[in-house]
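Okay, so here's the structure we're looking at.
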Amino acid sequence: MRAEKAQEVLLKELKILPFDERLRSAREAARDLFERAWSAASSQGMDMSEAETAGLYEQCLVWSLGLCGINIPKGILTSNDMLSMLVKEALP
């Protein structure tokens, strides 16, 4: 539930409409990246809270939106070194 809310807020901040054609591929890429990052966290014994899990998905979504050509302003996400590290480790 938190991940859905975080996504809603993020898209609103980026002024992306829900029917933007780039969202489908961005969400698919974010989901794949999230699954790899979450699996890595789990295998490292990390016990992430619901808020951290939502933050991880949000970081994955921001990364994938950028790949789809959407301009991501600096500071759009709250800095979290642990989540950033997990995303970087999971990148293809």
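The values are calculated or read from the model by the stated rules, or taken from the named source; none is laboratory data. These numbers were taken from a predicted model, which means no experiment stands behind them. Neighbour counts run over all protein chains shown; Cβ positions are idealised from the backbone, glycine included.
When the range 47-66 is limited to residues that are of a type in the set (D, E, K, R) and over 13 Å from the mean Cα position of the chain (by Cα), the one that is nearest to L11 (Cα to Cα) turns out to be E50.
In the condition set (1) part of a helix (DSSP H, G or I); (2) surrounded by fewer than 15 Cβ atoms within 10 Å (Cβ to Cβ), F34 is compliant with all but (2). Scanning the range 67-77 for residues that are of a type outside the set (D, E, K, R) and within 14 Å of E13 (Cβ to Cβ) yields I70, N71, I72, P73, G75, I76, L77. As for the range 68-80, it holds no residue that is in contact (Cβ under 8 Å) with a residue 24 or more places away in the chain and of a type in the set (S, T, Y). Scanning the range 72-92 for residues that are under 13 Å from the mean Cα position of the chain (by Cα) and either within 14 Å of M48 (Cα to Cα) or part of a helix (DSSP H, G or I) (or both) gives N80, L83, S84, M85, L86, V87, K88, A90.
Entry remark, the range 1-46: residues being over 15 Å from I70 (Cβ atoms) and either without any contact (Cβ under 8 Å) to a residue 40 or more places away in the chain or not charged (D, E, K, R) (or both) number 21 in total. The requirement of being at pLDDT 90 or above, buried (at least 18 other Cβ atoms within 10 Å of the Cβ) and touching a Ser or Thr at 6+ places or on another chain (Cβ under 6 Å) is satisfied by A29. When I76 is tested against the conditions (1) more than 16 Å from E4 (Cβ to Cβ); (2) modelled with pLDDT of 90 or more, the lone failure is (2). Could you tell me whether A51 is crowded, with 16+ Cβ neighbours inside 10 Å, outside any loop (DSSP other than H, G, I, E, B) and either among the small types (G, A, S) or free of Cβ contacts under 8 Å to residues at least 12 places away in the same chain (or both)? Against the criterion (crowded, with 16+ Cβ neighbours inside 10 Å, outside any loop (DSSP other than H, G, I, E, B) and either among the small types (G, A, S) or free of Cβ contacts under 8 Å to residues at least 12 places away in the same chain (or both)), A51 does not qualify.
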